[in-house]
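Remarks on the structure that follows.
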Amino acid sequence: MIRDIIKKDIFPLHIEDEGINILAIMDEYKTYQLPVVNGNNELLGIINESVIINMEDLKNSLQFVRHEMLKIFIVLDTHIFEAIKIIAENQLSILPVVNKDYNYIGYLKSTDVIKKIGETSILYSNTFIIVISTKPKHYLLSEISRLIEENTGTILTLWKELKEEKTNIHILITCTNSERIIQALERYNYDIASIFINKSDFESLDNRFESFIKYLNP
């Protein structure tokens, strides 16, 4: 799913690039973060503009601040929900994408990730995201799926996370009656932590998913 939104318009920095040149590149592309690679195109991490600004000598290369690079990336075949989680947790403007050999491929922009999920919702007339909070091993995914399907719902995608000793299950659903699904899950004692409704008369797409990201990173 992330393959469609990988960008390659900004070349990654090289570990031997000088600080003064990096600031010029960041200014040109209006970004405060850029990926860094070595001579074999292996991703070394993400460098922040603030790190460069605080270098003792801007003519020094990135070798001098290598220990301050963020070791954050996503592998090509990772699900887009995991990309949202990483971006939200680390407050990233870009997220590098690598292959299985850790060679740099391109990057994701946070806004493009949000829009991609929005496109999935737009394909269906009625969708919503429901977040079920439960203790690990105290739920049956097969049972949750059955309850949703028996109440006119179809699961488009889901993603699980551990948060404060609980498992949060984020489920994107298309259905004709979200209330029936919510009531069915509650009858089986599933705790509904959050609901994000997607209907034409509700708030804008950007605002809905901005709320979703804020939930992931309070």
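Structure data summary
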| quantity | calculated |
| --- | --- |
| Of every Cα-Cα pair in the stretch 3-83, the percent that sits beyond 18 Å | 42 percent |
| Residue with peak Gaussian network fluctuation, the chain [Cα springs, cutoff 10 Å], from L95, L43, L23 | L23 |
| Net lengthening on full extension, N177/T157 (0.36 nm per residue, minus Cα-Cα) | 5.4 nm |
| Under 5 Å, built H, 5+ apart or other chain: amide partners of G45 | V36 |
| Paired Rg and Dmax values of the stretch 33-134, which use every Cα atom, in angstrom | 16.8, 56 |
| Under Karplus coefficients 6.51, -1.76 and 1.60, residue-wise ³J(HN,Hα) of the stretch 67-79 in Hz, glycine/proline x | 5, 9, 6, 7, 7, 10, 6, 9, 7, 3, 8, 6, 5 |
| Positive minus negative residues near A24 (Lys, Arg vs Asp, Glu; Cβ under 11 Å) | -4 |
| Pairwise Cα inverse-distance average, inverted: Kirkwood Rh of the chain (Å) | 19.3 Å |
| Computed label-point distance, nm, for sites K115 and E28 using a 7 Å Cα→Cβ extension | 2.3 nm |
| Förster-model FRET efficiency, 35 Å R0, D191 and Q91, C-beta, rounded to 0.05 | 0.80 |
| Whole-Hz couplings from phi, Karplus 6.51/-1.76/1.60, listed for the stretch 157-165; x for Gly and Pro | 6, 8, 8, 10, 9, 8, 8, 6, 6 |
| In sequence order, calculated HN-Hα J values of the stretch 86-93 (Karplus, 6.51, -1.76, 1.60; Hz; x Gly/Pro) | 5, 4, 5, 5, 9, 6, 8, 8 |
| Sum of side-chain charges, N99 neighbourhood, beta-carbon under 14 Å (Lys, Arg +1; Asp, Glu -1) | 0 |
| Members of K8/K59; K59/K116; K7/K135; K30/K71 lying beyond 30 Å, as alpha-carbon distances in this model show | K59/K116; K7/K135 |
| Computed label-point distance, nm, for sites L140 and K59 using a 7 Å Cα→Cβ extension | 7.1 nm |
| Nonlocal amide H pairs with G153, under 5 Å, H built at 1.01 Å | none |
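Readers should treat all values here as calculations from the given coordinates under stated rules, not as data from a laboratory. Since we're looking at a predicted model, the values are computed, not measured. Because the Cβ atoms are built from the backbone with ideal geometry, glycine has one as well, and the counts that use them run over all protein chains shown.
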